[in-house]
Amino acid sequence: MIKKRYIVIICVILLIILGSFVNFTKPVLPFIQLPGEVYPGTQYWPIIGPVFGGITNTFMASVVAYVLILILIFSLKARSRTADEVPTGFYNFFEMVIEGAYNFAENISGSKVKDFFPYFMSILLIILVTNWTALIPGWDSIGFWEYKPHFKAVQYADAKAEEAEEAGQPLSDEEYDHIVHEKEEEYDVANLGDLNNGSVLLLSEVNASDDAEIEYNSKGQKVGFNTAAKDWTIVPFLRPGATDLNYTLAFALIAMVMVQFYGFKYLGGRGYLAKFFPFIAPGYGQEVAKNPIRAIDPAVGLLELISEFSKIISFAFRLLGNIFAGMVLLFVMAFLLPVANVAFFGLEFFVGLIQALVFGLLTLIFMSSASTSHHADDH
């Protein structure tokens with residue numbers, strides 16, 4: 001039986017050979033964009049289309065992450081041990097992780113850990129699974145083909161619809177479709193019904209050379225994949241959830257709402273608001289009379305109030321920037337020198353872990369800070 005280390009060595013050698021010397025295995029450089037891509041056609045579905053604008057691949061990646069976590073939870077619960085049993089295998093490892101994380105959280109938040117730990121661990125686990133699943137081969141390189149001119153036509157129509165909305169004259173569905181079709185004709189878009197839409201292909205299966213084949217139907221319309229002209233793009237089935245601002249902003253809002261909740265819970269309404277508006281605290285006037293420097297407290301409180309909102313922005317964009325940059329890095333290196341991703345995959349593995357830890361840790365610290373009075377030392 002071949003030892004595991006030899007399997008790893010063989011895989012690395014194959015990666016070097018196939019990624020560096022065999023042209024057809026090199027992926028096409030994808031059309032990189034910041035927002036999550038909408039699955040072709042879902043923007044026209046009832047309710048989902050008008051309300052949500054369609055189903056995005058970042059949303060589906062988040063759903064997959066939640067499903068994996070639920071599977072993990074129920075599988076571990078089914079194997080829950082009694083007090084007399086000795087844990088083994090993955091159960092033992094996961095129990096060790098939870099215990100270590102709990103002790104870590106307890107060192108920061110003390111007796112409040114029972115309130116804070118579920119949020120700390122949930123945020124950490126969800127973001128970690130979302131980040132790590134993105135490293136699975138094919139995660140964001142297998143998907144639908146979408147014709148770029150059609151994609152551009154939809155973008156143009158969306159911009160026109162937004163302008164009309166701001167002007168107080170929203171477009172009807174018929175007017176919106178007319179703009180899309182008009183722009184498609186300008187881009188010379190073929191009849192989409194004749195195209196091989198929705199076929200599942202690997203990026204590596206398409207050669208971006210100048211002699212890419214172009215097929216025509218009986219009407220003389222183009223129906224082939226002209227990748228040389230970059231008319232087509234891949235809409236991956238799944239894309240890392242944290243590369244979408246909606247995902248990171250949602251977690252940022254959840255974290256900061258819970259920070260405020262525990263601030264009010266532990267300090268009371270007046271006690272917590274006194275952090276930002278010190279003049280509502282009992283005896284503030286007397287404290288200023290004794291120590292005039294306390295007169296600047298309202299200005300300091302205003303800065304703290306602004307910082308509460310800025311934390312949402314920093315939370316959202318820190319996670320988004322790091323994960324999105326990592327995704328682009330892996331794609332670009334796969335295009336230039338695929339073998340280099342042996343190192344970069346390891347780097348992104350730790351980046352995914354670190355960003356999840358940072359997000360969870362900051363949430364825990366902010367909760368602890370919000371639930372502690374500024375005057376705690378005086379008591």
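The values are calculated or read from the model by the stated rules, or taken from the named source; none is laboratory data. Everything quoted here is computed from the prediction, not taken from an experiment. With ideal geometry, Cβ positions are generated from the backbone for all residues, glycine too; neighbour counts draw on all protein chains shown. Accessible surface areas use protein heavy atoms only, side chains included; no ligands, DNA or RNA. Shrake-Rupley method; radii C 1.70, N 1.55, O 1.52, S 1.80 Å.
What FRET efficiency would be calculated for the residue pair residue 136, residue 42, taking the C-beta separation as r and a Förster radius of 25 Å, to the nearest 0.05? Walk me through the intermediate numbers first.
Numbers: r = 23 Å, r/R0 = 0.92.
Once the sixth-power term is evaluated, E becomes 0.60.
In nm, to one decimal, how far is the residue 277 label point from the residue 115 one, both placed 7 Å along Cα→Cβ?
Reported label-point gap for residue 277 and residue 115 is 2.2 nm.
What do you get for chymotrypsin sites (Phe, Trp or Tyr not before Pro) in the range 31-72 restricted to DSSP loop and a cutoff of at most 15 other Cβ within 10 Å of the site's Cβ? Walk me through the numbers before you get to the answer.
Details: sites: 31, 44, 52, 59, 66; in loops: 31.
Sparse-neighbourhood loop chymotrypsin sites (Phe, Trp or Tyr not before Pro): 31.
Taking N as the number of residues in the range 226-379, what value does Rg over Cα atoms divided by 2.2 N^0.38 Å take? Spell out each step's value before the answer.
On the way: Rg = 22.8 Å, N = 154, 2.2 N^0.38 = 14.9 Å.
For the range 226-379, the normalised Cα radius of gyration is 1.53.
Counting heavy atoms of the protein chains only and a 1.4 Å probe, report the per residue accessible area for the range 233-379 as a whole number of Å². Kindly include the intermediate steps, with their values, before the conclusion.
Numbers: 7290 Å² over 147 residues.
Heavy-atom accessible area per residue stands at 50 Å².
Could you give the length gained on full extension between residue 33 and residue 99, defined as 0.36 nm per residue of separation minus the Cα-Cα distance, in nm? Can you show the working numbers first?
Values: separation 66, 0.36 × 66 = 23.76 nm, distance 3.98 nm.
Working it through step by step, the gained length comes to 19.8 nm.
Lys and Arg at +1, Asp and Glu at -1: add these up for the other residues within a Cβ distance under 13 Å of residue 58 and post the number. Let's see the in-between values first.
Values: positive: 239; negative: 37, 140, 244.
Surrounding charge for residue 58 is -2.
Around residue 370, what is the net charge, scoring Lys/Arg as +1 and Asp/Glu as -1 over all other residues with Cβ under 11 Å from its Cβ?
Numbers: positive: 112, 265, 275, 311; negative: 304, 308.
Here the charged neighbours net out to +2.
Between residue 69 and residue 107, how high is the FRET efficiency from 1/(1 + (r/R0)^6) when r is the Cβ-Cβ distance and R₀ = 41 Å? Nearest 0.05. Write out the running numbers ahead of the final one.
On the way: r = 25 Å, r/R0 = 0.62.
So the FRET efficiency works out to roughly 0.95.
How large is ³J(HN,Hα) for each residue in the range 41-52, as worked out from phi by the Karplus curve 6.51 cos²θ - 1.76 cosθ + 1.60 (θ = phi - 60°), to whole Hz, x for Gly and Pro?
Each residue of the range 41-52 in turn: x, 6, 5, 9, 5, x, 6, 4, x, x, 7, 9 Hz.
How many nm separate the modelled label positions at residue 165 and residue 325, each set 7 Å beyond the Cα in the direction of the Cβ?
3.1 nm
Counting only protein heavy atoms and using a 1.4 Å probe, what share of the accessible area of the range 326-365 belongs to carbon plus sulfur, as a whole percent?
On the way: 1600 of 1740 Å².
Carbon-and-sulfur percentage of accessible area, whole number: 92.
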